[in-house]
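Note sheet for the following structure.
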There are 2 protein chains.
Amino acid sequence: MKNEPTKRELKKQELKENLLQAAKNRIKNNGLTSLRARDITTDAGCALGGLYTAYDDIDNLVLHVNSITLNALGTELKAIAANHKEPVERLIELARGYLKFACDNHNLWSALFDHKMAEGVAVPEWHLAEHAMLFEQIAMPLAQLNPELHEAELTTLTRSIFAAVHGIVSISLQDRFIAVPRKELDTQLTQFVEFLIKGFEASRQQ
Amino acid sequence: MKNEPTKRELKKQELKENLLQAAKNRIKNNGLTSLRARDITTDAGCALGGLYTAYDDIDNLVLHVNSITLNALGTELKAIAANHKEPVERLIELARGYLKFACDNHNLWSALFDHKMAEGVAVPEWHLAEHAMLFEQIAMPLAQLNPELHEAELTTLTRSIFAAVHGIVSISLQDRFIAVPRKELDTQLTQFVEFLIKGFEASRQQ
DNA sequence: CTTTAATTTTGAACATTGTTCATTTATTAC
DNA sequence: GTAATAAATGAACAATGTTCAAAATTAAAG
């Protein structure tokens with residue numbers, strides 16, 4: 001016996017959704033740093049205070065936008081995994097897919113890592129769990145590539161590879177360093193992952 | 001015929017230095033995000049407006065703090081290079097040195113990459129140039145390892161290796177992901193760089 | 001359908017910031 | 001010693017996230 005959603009509950013849900021989409025679009029178009037409570041509520045068609053009846057604060061709202069982004073990224077990576085069964089090829093394509101996603105969704109992707117919780121506040125469990133998806137996609141082909149890897153080794157190797165690929169994509173998209181043309185970057189990243197896997201295999205069979 | 005520095009110039013220099021040290025200590029102890037103009041000027045012993053007679057704005061002051069940090073990092077890396085002549089060993093020790101610096105100077109090091117210029121304002125030339133030092137330290141042993149590398153290949157490989165090592169250090173020190181004990185991280189990073197070099201050599205001599 | 005109670009929405013007010021600028025103070029030049 | 005110049009001051013301003021008493025809306029009761 002589930003209760004019918006009341007008119008109040010429907011409106012509340014609608015408000016949350018409007019705010020979420022407004023925040024997402026603002027971040028997408030103008031980046032996280034210029035996100036303003038007043039802009040969001042204007043776009044969402046509610047009063048300034050409305051934001052605080054739907055979400056704890058702006059940080060919390062950004063967390064929900066990041067959740068959407070992370071799930072979109074997950075969907076793309078899973079599709080790539082499904083299309084490339086051979087482990088080495090899959091690892092390379094996952095890296096390329098990560099680069100593509102970061103380029104195509106620059107501001108949303110940056111918000112994923114630029115956003116900092118307030119002093120002393122931890123990232124909530126449910127959002128940490130969403131990050132795990134990234135690692136799973138990498139761990140699967142790695143385990144296939146070397147079934148004798150211990151759980152602990154697999155975990156650390158997975159994180160290292162993710163971090164390395166993320167680092168390359170991240171540095172290349174920052175204006176602190178000289179920008180590299182997208183096409184060239186793609187080639188370099190592919191080559192880099194190939195090196196990495198070769199090095200990994202070489203040190204295994206010795 | 002150089003002019004004696006006047007009393008005015010001396011005081012101005014002293015003020016700049018006091019503000020710089022105050023900002024540096026604040027960042028070191030509390031991180032970039034809680035840096036406040038009022039705190040800095042109180043610590044430096046001047047009025048709020050004084051900050052704006054010495055520096056354009058807070059961004060500019062942070063840039064100068066980052067410059068100090070970058071030079072401190074440079075000094076450590078150069079010392080490491082001087083103590084390890086063998087190229088593979090040197091690359092590994094540089095990576096370990098980078099990790100050590102990031103751990104020992106967490107907040108100052110984070111500020112190096114967390115700090116964003118205002119919308120549309122570019123990072124000044126003089127500060128971009130300081131970043132080049134990081135790359136030089138990596139490029140030298142790489143060139144020694146393979147003298148036939150073309151300039152362009154050397155540049156891209158250098159940046160990839162820096163970015164990868166930076167990524168691993170960076171991800172490991174974020175609270176978004178599960179923290180890894182320092183000692184373990186050191187081992188993993190070493191192993192990772194070894195893989196990378198092995199992979200690089202393997203694909204060269206084929 | 002009215003009336004009352006509960007809930008949500010509102011936006012003015014507040015607190016905290018970075019930055020500016022007229023005024024005051026200190027330094028230099030004559 | 002006095003006038004000109006430069007620097008330091010801190011009150012005032014603008015931009016921002018957040019709160020909360022009042023108004024508006026929705027649900028429940030009669």
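Bear in mind that the values in this text are calculations on the coordinates, not laboratory data. In this text the structure is predicted, and so the values were computed from the model without any measurement. Cβ sites come from the backbone with ideal geometry, for glycine too, and all protein chains shown count toward neighbours.
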Checklist entry - Among B:Ala47, B:Ala118, B:Ala163, whose mean-square fluctuation peaks in a Gaussian network model of chain B (Cα, cutoff 10 Å)? => result B:Ala118
Item to check | Relative exposure of A:Leu94, B:Leu157, B:Leu63, judged by other C-beta atoms within 10 Å (fewest first) | outcome: B:Leu63, B:Leu157, A:Leu94
Item to check | Inter-part distance where the stretch A:42-93 and the stretch A:110-130 are each reduced to a Cα centre, Å | outcome: 13
Checklist entry - Across the stretch A:92-101, in residue order, what do the Karplus-derived ³J(HN,Hα) couplings come to in whole Hz, using 6.51 cos²θ - 1.76 cosθ + 1.60 with θ = phi - 60° and x for Gly and Pro? => result 5, 5, 5, 4, 5, x, 5, 4, 4, 4
Next on the checklist: For chain B, set up a GNM with springs between Cα atoms under 10 Å and report which of B:Ala139, B:Ala129, B:Ala22 has the largest fluctuation.
Outcome noted: B:Ala129
Item to check | Using θ = phi - 60° and Karplus 6.51 cos²θ - 1.76 cosθ + 1.60, couplings along the stretch A:25-34 (whole Hz; Gly, Pro as x) | outcome: 5, 4, 5, 4, 8, 10, x, 5, 5, 9
Item to check | chain A: angle of helix A:182-204 to the longest principal axis, Cα-based, in degrees nearest 10 | outcome: 50
Checklist entry - Where does helix A:58-83 land angle-wise versus the long Cα axis of chain A, in degrees 0 to 90, nearest 10? => result 40
Checklist entry - Which whole number gives the average count of other chain Cβ atoms within 10 Å of the Cβ atoms across peptide B:153-162? => result 4
Next on the checklist: Taking the 0 to 90 degree range and rounding to the nearest ten, how far is the long axis of helix B:151-173 tilted relative to the main principal axis of chain B, both from C-alpha atoms?
Outcome noted: 70
Checklist entry - Shielding of A:174-184 by partners, i.e. mean partner chain Cβ atoms within 10 Å per residue? => result 4
Checklist outcome for this item: Binned at 10 Å starting from 0, the alpha-carbon pair-distance distribution of chain A in whole percents comes out as 7, 29, 30, 20, 11, 3, 0
Checklist outcome for this item: Listed residues B:Leu48, B:Leu142, B:Leu91; largest mean-square fluctuation, Gaussian network over chain B with Cα springs below 10 Å, found at B:Leu48
Checklist entry - Rounded to the nearest 500 deg cm²/dmol, what is the calculated helix-only ellipticity per residue at 222 nm for chain A, with -39500 (n - 2.57) per DSSP H run of length n ≥ 4? => result -25500 deg cm²/dmol
Checklist entry - Using the Cα gyration tensor of the protein assembly as shown, with a ≥ b ≥ c the square roots of its eigenvalues, what is the shape: rounded (a/c below 1.5), prolate (a/b larger than b/c) or oblate (neither)? => result oblate
Checklist entry - Each residue of the stretch A:123-139 in order: what ³J(HN,Hα) in whole Hz does its phi give by Karplus 6.51 cos²θ - 1.76 cosθ + 1.60, θ = phi - 60°, with x for Gly and Pro? => result 5, x, 3, 4, 7, 4, 4, 5, 5, 4, 3, 4, 5, 4, 4, 7, 4
Checklist outcome for this item: Cα-Cα longer than 19 Å, checked against A:Lys24/A:Lys183; B:Lys16/B:Lys116; B:Lys24/B:Lys183; B:Lys12/B:Lys116; A:Lys78/A:Lys183; B:Lys100/B:Lys183, kept in input order, equals A:Lys24/A:Lys183; B:Lys16/B:Lys116; B:Lys24/B:Lys183; B:Lys12/B:Lys116; A:Lys78/A:Lys183
